[in-house]
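The values are calculated or read from the model by the stated rules, or taken from the named source; none is laboratory data. Keep in mind that this is a model prediction, so the values were computed, not measured. Because the Cβ atoms are built from the backbone with ideal geometry, glycine has one as well, and the counts that use them run over all protein chains shown. Note: accessible area is taken over every heavy atom of the protein model, side chains too, but ligands, DNA and RNA are not part of it. Shrake-Rupley method; radii C 1.70, N 1.55, O 1.52, S 1.80 Å.
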Amino acid sequence: MGVTRVLKAYSIEEILDVMEKYGEKVELLAGGTDLLVDIRAGKNKGSVIIDISDVKEMKKIEIGEDDIVLGALTTFTDIAENDYLKENVTGLWKAAKSVGSPQIRNMGTVGGNICNGSPAADIVPPLLVLDAKLNIKSRSKQRKIKLKEFYMENGSRNLRSDELLYSISFTKSRDKNIRIGFEKLGLRNALAISRISCSVYAIIGENNRIENIRIASGALGKYPLREYALEKFLKDKNLNDGLIEEAAEIFSHEVKQRLSGRSSCPYKKEAVKGIFKKAISFEGE
């Protein structure tokens, strides 16, 4: 689709004004790592482009008493260079650090990674296991939904044409027994788009008992997914090598069922075992 108008916004209010006026014709330009490629290829969906890259109120990392808030325009570099996230939310930090090249990390944004809806979005699995919430605004109202409710089975997203995702929030971890891991497998080292990714959030108690666990995957479905069957199997068991091996086989079976008939299935059902084992070993912490 041809671009008929390019507008620049400097505040959330300005963005919402334009979105209300032009509706489904609008596409937002944040980091531009995906949209600019689509525009050059004539694959952009909207004819009115709003450049939101300089909206300062959407560029932030707030470490509050109870919650951590990421502005939707927070870049992967912002996360990768944040010492608190590196030490306390390691899986999220590792995912941001693994994204593309330095240039892509400098430009790519958390909000863009979420809203583009790619199954291989690196930052989404760790945000899913953190049970992140999306803070959304329109001219008429404001709402908050869980990230796991954002992606719809029909391929659409739980976001109207007049709504803006302006920040992402999740509860600040206080339990010293919380571990957050992330691992991915790509095609070409640092520049790779994930072929498979996995993130694990776990509270490990006495005798290595898994008191709570959340697992999410990328590039193993239409969109990043919570792995509920695997979580149910692991919860309340003692984490050890034997359990991890058994869980890896269950994960492989889930992937085989999910991707049955696809050419990628034989590869992914085997590769997912190693990715899961690395993620749940919390390497890099």
(message) I need the full set of residues from the stretch 96-121 which are over 11 Å from the mean Cα position of the chain (by Cα) and either outside any loop (DSSP other than H, G, I, E, B) or of a type in the set (F, W, Y) (or both), in order please.
(response) K97, S98, P102, Q103, I104, R105, N106, M107
(request) Residue by residue through the stretch 225-256, note down the ones that are within 21 Å of the chain's Cα centre (by Cα) and either modelled with pLDDT under 95 or among the β-branched types (V, I, T) (or both). (result) V255
(message) Please verify whether S140 is of a type outside the set (V, I, T), at pLDDT below 95 and either surrounded by 14 or more Cβ atoms within 10 Å (Cβ to Cβ) or assigned to a strand (DSSP E or B) (or both), treating the condition exactly as stated.
(response) no
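Of the residues D66, D54, D17, D83, which is over 30 Å from A216 (Cα atoms), exposed (fewer than 14 other Cβ atoms within 10 Å of the Cβ), modelled with pLDDT of 95 or more and over 18 Å from the mean Cα position of the chain (by Cα)?
D54
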(message) Anything in the stretch 111-142 that is of a type outside the set (G, A, S), touching a Leu at 6+ places or on another chain (Cβ under 9 Å) and over 22 Å from E227 (Cα atoms)? List them, or say none.
(response) N135, I136, K137, R139
(request) Could you please tell me which pairs satisfy a Cβ distance under 6 Å, a separation of 6+ or placement on different chains, a first residue in the stretch 97-123 that is within 12 Å of T75 (Cα to Cα) and free of Cβ contacts under 8 Å to residues at least 60 places away in the same chain, and a second residue that is open to solvent by 10 Å² or more (accessible area, probe 1.4 Å) and among the small types (G, A, S)? (result) K97/A80
